[in-house]
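K.L.:
Pasting a structure below so you can have a look.
The values are calculated or read from the model by the stated rules, or taken from the named source; none is laboratory data. None of the values given here were measured: they were computed from a predicted structure. All Cβ positions, even for glycine, are placed from backbone atoms using ideal geometry, and neighbour counts span all protein chains on display. Ligands, DNA and RNA are excluded from the accessible area calculation, which covers all protein heavy atoms including side chains. Shrake-Rupley method; radii C 1.70, N 1.55, O 1.52, S 1.80 Å.
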Amino acid sequence: MIHGIYRDAITRLKDIRIKLKRRRMKRIFTLIAAVMTALASMATDYTDKLQVLVNGSGATQEATISLIEEGDGTTTLMLNNFCLYAGNGAVMPVGNIVLKNVSDAIAPTAGEKAYAFNGKITIEPGTMEGVEMWLGPMLGEVPVELRASLKGSNLYAVIDINMMESLGQTINVVFGSRNYQIPNSGFEDFHTAGKADEPNHWHSFQSATGSLANMVTGNIHLTKSTEVRPGTSGETSVKLVPIEMKIVFVKIWANGTMTTGRMIAGAATAKDPKNHAETDISNTDKDANGDPFYTLMDGRPDAVKVWAKTKVKSGNATISAVITDGTYYQDPEDKTYNNVFSKAQSAINTGEQWQEIVVPFKEQGNNVEPKAILVTISTNGTPGTGASGDYIIVDDLSLVYNPEAQSIKFNGKEIDGFSPTTYEYTIDDTADPSKISVEAKGVASVTLGDDNKTVTVITSGEDLSSTATYTIHFTKSATTLIENIDKGVAEKKVTGRYNAAGQTVGSKQRGIIITRYSDGSVVKSVK
């Protein structure tokens, strides 16, 4: 009897210990789950410059973008307390731009992560103290497009906000410090150099150096001009003119020239390559505005574009753009340079009319990384050539990054009839984003349409500024395959899981999941 009671007591104690242990373990697991969820949704902040353009005009400010990798496999991007700053100092508080369910996109290079978003959002009120009213929430839903690239800790993002219906404005937001364009290429900002003005980040003979620099700095080859190209909102441009000079009793014409590097006057003979423009990012010299005599470049542009108006009696004006690895380079060359990535060079003669000139870059076959760009514009392609009245006026220079895809493949084979400038295709197969692969210079996204019979591919140029959209129509709808779930498809062997961008994902991935089975069938589902 006593032994029975003892055994019962021991059993009860064991049961109590087991229950207590289970409760402790449950608490531990609950705590671990809470910690893991918190860690999974922690935000990473990126602080950098933010350029905001409203209908093409804008200003630069500092801002922070937060990327939140949610525990369900999705990403949220937040740009809090977004404001528009007018040139007169006025501030328009817009609010918090929160993009949820941002998709992983296809990045152009290994080790780079890309994001894309295209949808409508309602801008939330900001949290900045002292602001009584935020504009964003009053606008209702607004269309927003995002393209972003993350290289290590370097985030670069382009956000397009279409407010044409509400405010009659388009807002373009560029976040990050990558060098895809040449600063002040609209030629609106100038500084005093010697006896004349030079556009910021550009240089002419007033800031020249070299053994004969004192002979050229007294002549004004470059002036600020109020004659601007058609359709621009800018107010100034640059005018270059040749100057007739007397050197050792001989009269020669010195071409009007400007460059993103530095002008060197090193010889009395005009055609001597000791007279040149040069760039070298190791040079620590600064101009009168405090800027270096070089321009950094992170991109691989497809072309250089500039508006020009010329009058040339003999020959042509010229433009030369050379992208290098940042080590010493001069134009015109005095030897073969193996540090050149690409060149864009052309003659210009517009017959005293404004023309938009586009010059494509040609890669030079050297295994180098782009780090600097040297652009040189001259009144004549032949040194020492000019005439009274010759000139070239330049305005709104920009580097072009084509957004078109380089390749679109379905199931490993390029789409029949693919061309970068053909944007619509039909495939006699089942709509399946996981079978679509894309090569682009920038970010690419692949999305299954609501009708489950179309796939939309959106690609961008390397600078993410512009996009190209391709629509692929399929003869078989993915929705018909969902009916196979009840017929035992789910019990078949899974051979792959993919998100809407065609990327491989795990079994715990949330969102739109495309599952491929061993019999070749495909099921689209939402988790």
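K.L.:
Under the rule of at least 5 residues apart or a separate chain, name every residue whose amide H is placed under 5 Å from the amide H of Asn179.
P.N.:
Asp298
K.L.:
Rounded to the nearest 0.05, what FRET efficiency is calculated for Glu165 and Ile220 with R0 set to 60 Å and r the Cβ-Cβ distance?
P.N.:
Working from the Cβ atoms, E equals 0.75.
K.L.:
Still on this structure, I have one more. Quick one: pull the percent of accessible area on the range 54-164 belonging to carbon and sulfur, 1.4 Å probe, ligands and nucleic acids left out.
P.N.:
Percent of accessible area from carbon and sulfur atoms in the range 54-164: 49.
K.L.:
Okay, moving on. What is the local net charge at Lys435, summed over the other residues whose Cβ is closer than 11 Å to its Cβ (Lys, Arg +1; Asp, Glu -1)?
P.N.:
+1
K.L.:
Measuring from a point 7 Å past the Cα of Asp48 along Cα-to-C-beta, which residues in the range 103-131 have an amide N at less than 13 Å?
P.N.:
The answer is 113-115.
K.L.:
Report the local net charge at Asp390: Lys and Arg +1, Asp and Glu -1, summed over other residues whose C-beta lies under 13 Å from its C-beta.
P.N.:
+2
K.L.:
Could you check the spin-label model distance between Met138 and Thr192? Points 7 Å from the Cα along Cα→Cβ, value in nm.
P.N.:
Once both label points are built, they end up 4.5 nm from each other.
K.L.:
Moving on to the next point. Can you work out the Karplus-derived ³J(HN,Hα) for every residue in the range 403-409? Use 6.51 cos²θ - 1.76 cosθ + 1.60 with θ = phi - 60°, whole Hz, and x for glycine or proline.
P.N.:
x, 5, 5, 8, 7, 10, 10
K.L.:
Projecting each Cα onto the charge dipole of the range 157-272 (Lys/Arg +1, Asp/Glu -1 at the beta carbon, about the Cα centre), which of Gly176, Met245, Thr226 comes out farthest on the positive side?
P.N.:
Met245
K.L.:
Here's something else I'd like to know. Put a dot 7 Å past each Cα toward the Cβ at Glu62 and Thr382; how far apart are the dots in nm?
P.N.:
5.4
K.L.:
Leaving out ligands and nucleic acids, note down the accessible area per residue over the range 315-468 with a 1.4 angstrom probe, in whole Å².
P.N.:
Ligands and nucleic acids excluded, the figure is 42 Å² per residue.
K.L.:
What does the net charge come to around Tyr46 if you take all other residues with beta carbon closer than 12 Å to its beta carbon, with K and R at +1 and D and E at -1?
P.N.:
Its environment carries a net charge of -1.
K.L.:
Magnitude of the Cβ-charge dipole of the range 154-203, K/R +1 and D/E -1, about the Cα centre, nearest 20 debye?
P.N.:
Dipole of the range 154-203, to the nearest 20 debye: 180 debye.
K.L.:
Multiply the residue separation of Glu69 and Glu112 by 0.36 nm, subtract the distance between their alpha-carbon atoms, and state the gained length in nm to one decimal.
P.N.:
Taking Glu69 through Glu112 to full extension adds about 13.9 nm, to one decimal.
K.L.:
A further question on this structure: Please go through the residue pairs Lys100/Lys441; Lys195/Lys335; Lys305/Lys435; Lys151/Lys274; Lys274/Lys441; Lys271/Lys441 and name each one whose alpha carbons sit more than 31 Å apart in this structure.
P.N.:
Lys195/Lys335; Lys305/Lys435; Lys151/Lys274; Lys274/Lys441; Lys271/Lys441
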